[in-house]
Each structure stands twice: as C-alpha cells, then as structure tokens.
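Engineer: So that we are looking at the same thing, I have put the structure below in structure tokens.
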Amino acid sequence: MFGLQNRENDLSTVNVGNLGDIREVVIDQSLPCREKKKSFLNQVDPCLYRYEDIVITAVFDKNGPTMEYLIVQHLLSKVRLTI
C-alpha cells in the first residue's frame, strides 16, 4: 500500500530541513480521490516527515501483520452486521 516498505531510518543522518512538514501539505479538494492521494505522497513521505522541528518516523515490525491486514481489521471493527 502506497509503496511503503519495512525500513529502518537512521535518524542521526536525517537533515530535518529536507523533510516535508506535514503542516505544509496542501491538497486541492477539487481533485478526484486518487489524485488527492498522489498529491499528498508527492509532498510528504508518510514514513518519514516532520512536524515543525520534530521528526516523525514509522517503523513496522518485520514479523508483524501487514498494513493491509490492519486496515481491513480496523474497517471491519466499524461495521455492524445484523442478521
């Protein structure tokens, strides 16, 4: 999903100024959903970005569940089935 991979970021080598700031992301609301997603991904790396001077990084357990599985489980938890 979104081309994300398990990866480890060595934060000691990260230049904070080169990271996209999540607060500066601008999405054109007139675009179709797919284009909005592309626009977001072109502006910020969802696995490594910043909020002001704070570096935000996502780390995934190599032996853990996939992102797809977690999203599906989350969505299923929101659905009420009546029989």
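The values are calculated or read from the model by the stated rules, or taken from the named source; none is laboratory data. A quick note: this is a predicted structure, and the numbers were derived from the prediction, not measured. So basically every Cβ, Gly included, is an ideal-geometry build from the backbone, and we count neighbours across all protein chains shown.
Engineer: Check segment 45-58 and report whether any residue there is touching a Ser or Thr at 6+ places or on another chain (Cβ under 9 Å) and aromatic (Phe, Trp, Tyr).
Structural biologist: Yes, segment 45-58 has at least one match.
Engineer: Output the residue which, of all residues in segment 34-77 that are surrounded by 12 or more Cβ atoms within 10 Å (Cβ to Cβ) and among the acidic types (Asp, Glu), is modelled with the lowest pLDDT.
Structural biologist: The residue in question is Asp45.
Engineer: A further question on this structure: Quick check: anything in segment 57-73 of a type in the set (A, V, I, L, M), touching a residue at least 40 places away in the same chain (Cβ under 8 Å) and in a helix (DSSP H, G or I)?
Structural biologist: yes
Engineer: While we're on this one: When you check Ile27 against the structure, is it under 13 Å from the mean Cα position of the chain (by Cα) and not hydroxyl-bearing (Ser, Thr, Tyr), yes or no?
Structural biologist: Judged against the criteria, Ile27 is not a match.
Engineer: At negative phi, at pLDDT below 85 and under 14 Å from the mean Cα position of the chain (by Cα): does that describe Asn6? Don't jump to the end; show me each part of the working.
Structural biologist: Details: at negative phi: yes; at pLDDT below 85: yes; under 14 Å from the mean Cα position of the chain (by Cα): yes.
In short, yes.
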